[in-house]
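Report on the structure given below.
Since every read-out is calculated from the coordinates, none of them should be taken as a lab result. Treat the numbers as computed from the prediction; the structure is a model and nothing was measured. Ideal geometry is used to build each Cβ from the backbone, glycine not excepted, and the neighbour counts take in all protein chains shown.
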Amino acid sequence: MQGTNYLGADMSARLAANIEALAERRRREEREAPLSVRIAARITAFTGSMKFVVLHVIVYGFWIVANLGWVPGVEPWDETFVILAMEASVEAIFLSTFVLINQNRQAEAADRRADLDLHVGLLAEDELSKLARVVARIAETLDVPVERKSFDEIEKNVDPEQVLDAIGASDERHEEALEMKASTAS
């Protein structure tokens with residue numbers, strides 16, 4: 001489907017190519033994921049579906065009805081439902097493990113996307129700073145009055161380390177405030 005324009009005729013060819021490149025990247029990452037991760041993802045997808053719910057209603061429903069002695073010709077095999085409880089517990093252990101594996105994979109992908117977003121944002125900021133310097137020079141050359149203070153602010157490059165440090169400090173203050181609030185509430 002390369003070159004398909006999903007957003008309409010006005011979408012640039014470059015944007016369409018970027019969308020297709022991202023989709024292809026996701027498909028490639030899914031193909032190249034380790035077998036264990038692909039299996040866990042498929043199990044998680046199935047167990048999170050209505051088919052799985054219906055299957056459980058049927059299986060557990062039959063198990064319960066049969067072991068209550070309500071199905072003619074079927075001898076109860078788990079009258080105290082101990083086997084059912086054990087099976088459900090083991091199933092819950094495995095399902096939670098598969099969900100955690102899938103969540104870890106999704107968290108890694110989210111981290112990569114966040115890193116890409118930060119990188120693109122920093123590149124855009126750098127380009128805008130350069131553009132602001134060019135516009136300021138053009139304005140000076142043409143004797144166009146400009147508010148120099150606003151250009152000075154735009155022309156400054158942002159230091160990624162400073163931004164990350166400020167975000168970290170803000171997060172720490174927020175966590176401390178939550179801890180303080182929790183300790184005063186108890």
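Odds and ends about this structure:
- Full-stretch length increase - A92, D115 - with 0.36 nm per residue and alpha-carbon distance subtracted: 4.9 nm
- Of the residues N102, F62, F46, the one whose Cα sits farthest towards the positive end of the charge dipole of the range 8-110 is N102 (charges of +1 on Lys and Arg Cβ, -1 on Asp and Glu Cβ, taken about the Cα centre).
- Length-normalised contact order for the range 11-106 - Cα pairs under 8 Å, 6+ apart - percent: 33
- With Cα atoms, 0 to 90° folded angle of helix 160-185 axis to the chain main axis: 50
- On Cα atoms only, tilt of 82-141 relative to the major axis of the chain in degrees: 10
- Its convex hull of Cα atoms gives the range 11-106 a direction-averaged projected area, equal to a quarter of the hull surface, of 9.2 nm².
- Our estimate of slack between L123 and T80, defined as 0.36 nm per intervening residue step minus the Cα-Cα distance, is 8.9 nm.
- The angle separating the long axis of helix 13-32 from the principal Cα axis of greatest extent in the chain is about 40 degrees.
- Share of pairwise Cα-Cα distances greater than 25 Å in the chain is 70 percent (whole percent).
- Theoretical FRET efficiency, 1/(1+(r/R0)^6), r = Cβ-Cβ of D159 and A17, R0 35 Å, to 0.05: 0.65
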